[in-house]
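All remarks here apply to the structure that follows.
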């Protein structure tokens, strides 16, 4: 299930095409913000997202 959400988070980034907060993504997907934060942490480790400003993330 976590991989499904992982790809959904990436899809939200691509669709909205702007820096987002974990809470914004969680609201779009209807899941908890903690889950999104975990996935964003993984994406940062894989260098797929970056933080253009504090608490916001965007795809590279």
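Between residue 44 and residue 4, the simple spin-label model (points 7 angstrom out along Cα→Cβ) gives 2.7 nm.
Note the per residue figure in Å³ for the convex hull of the C-alpha positions in the chain. Don't skip to the end; give the middle numbers.
Details: hull volume 4.2 nm³, N = 60.
About 70 Å³ per residue, rounded to a whole number.
A crude spin-label estimate for the pair residue 54 and residue 14, with each label 7 Å from Cα along the Cβ direction, gives 3.3 nm.
Each reported figure results from applying straightforward, stated rules to the coordinates on display, with no laboratory input. What you are looking at is a predicted structure, and each value in this text was computed from that prediction instead of being measured. All Cβ positions, even for glycine, are placed from backbone atoms using ideal geometry, and neighbour counts span all protein chains on display.
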